[in-house]
Amino acid sequence: MSGDIVWEEREVDVGGRPVFVRVGPEVPGSVPIVHVHGFAVSGTYLLPTASLLAHRATTFVPDLPGYGRTPDWGSALGIPALALALLELLDALELDRVVLIGNSMGGPVSLEVAHQAPDRVAGVVLASPAGGVHNQPFARALVQLARDATRESPAMARVAVPDYVRFGPVSTLHLFSELARFPSLERILRTPVPTLAVLGSRDPLMPPPRRVREVGRLAPAHLTVALIEGAAHAMNFSHPGELAHVVSCWLDGREITDDPDSPGIARVLQIRRDPTITPDG
């Protein structure tokens, strides 16, 4: 799962509370990359993509408070509180400025960090950034989630199910409800830092490309939207080669192209922006 990368496992003290973090080899002079997991699961499923990017920057894959091998901080934290916890973790790790790569709920958490402390974030990658009108009402989001489960790799269940069981059904439903209501689209349209959103064509929780293009006309020029055809919601696990290639192209300022050695077909969604329209109206 983690390729040839040897991950160091640390328990970091964050204000007197432990946070479990996987740390890749040090890459001197790099802007560190922090991978942020989705709801109810640990960072384990992010390792396939994280391993492919670990050569270019010192890489961190934490379990946020209450997830995986990190105990809860008294109660299940919502998205804004998780963002504050992530900022505290960056302080504890002495990371002044990072690139955040968030999947699912990790997208809104990363966006919250970027809005709260833009000077700490060199860029944000949103892999399947759930939340918003497309996931409402809650019953619709539950149907979308169930549909996605049939499209994910069977190996993903072996990784995720133990995490779901540990997190508990009540906490899972509560946080998924918050995620479905979170205004991800509005936060993306007002992103204060360079942002890459990567969508999967088989992800039921994502709006169709046509709708993305319509809304994208309101987006700032420093937002790029790419599509991986064939990917569902947990693309960090199912399509690590394609996602890592797209992220590397974006970080290098190169044209985003398809990686012929990886499953899925990647392409940029060409968005024709109206210069007379701004995110503030």
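The values are calculated or read from the model by the stated rules, or taken from the named source; none is laboratory data. In this text the structure is predicted, and so the values were computed from the model without any measurement. As a convention, Cβ positions derive from the backbone with ideal geometry for all residues, glycine included, and neighbour counts pool all protein chains shown.
Val143 meets the conditions (1) hydrophobic (A, V, I, L, M, F, W, C); (2) surrounded by 20 or more Cβ atoms within 10 Å (Cβ to Cβ); (3) in a helix (DSSP H, G or I); (4) modelled with pLDDT of 85 or more in every case but one. The failed one is (2).
Counting the residues of segment 13-50 that are among the hydrophobic types (A, V, I, L, M, F, W, C), surrounded by fewer than 20 Cβ atoms within 10 Å (Cβ to Cβ) and touching a Phe, Trp or Tyr at 6+ places or on another chain (Cβ under 8 Å) gives 1. Scan segment 36-68 for residues that are touching a Ser or Thr at 6+ places or on another chain (Cβ under 7 Å) and either under 23 Å from Phe176 (Cα atoms) or not hydrophobic (A, V, I, L, M, F, W, C) (or both) and the total you get is 12. Against the definition (assigned to a loop (DSSP other than H, G, I, E, B), at pLDDT 95 or above and buried (at least 24 other Cβ atoms within 10 Å of the Cβ)), how does Leu64 come out, yes or no? Yes; evaluated as a whole, the condition is true for this residue. Any chance segment 165-185 includes a residue that's of a type outside the set (Gly, Ala, Ser), touching a strand residue (DSSP E or B) at 6+ places or on another chain (Cβ under 7 Å) and not in a helix (DSSP H, G or I)? Within segment 165-185, none of the residues are of a type outside the set (Gly, Ala, Ser), touching a strand residue (DSSP E or B) at 6+ places or on another chain (Cβ under 7 Å) and not in a helix (DSSP H, G or I).
Yes or no: Ile5 modelled with pLDDT under 95, surrounded by 16 or more Cβ atoms within 10 Å (Cβ to Cβ) and β-branched (Val, Ile, Thr)? Spelling it out, Ile5 is indeed modelled with pLDDT under 95, surrounded by 16 or more Cβ atoms within 10 Å (Cβ to Cβ) and β-branched (Val, Ile, Thr). Only residues that are buried (at least 17 other Cβ atoms within 10 Å of the Cβ), modelled with pLDDT under 85 and in contact with a Ser or Thr (Cβ under 8 Å, 6 or more places away or on another chain): list them for segment 164-205, please. Scanning segment 164-205 gives a single hit, Leu179. Condition (residue is buried (at least 22 other Cβ atoms within 10 Å of the Cβ), of a type in the set (Asp, Glu) and within 18 Å of Glu152 (Cα to Cα)) applied to segment 234-243: is it met by at least one residue? Yes: one or more hits.
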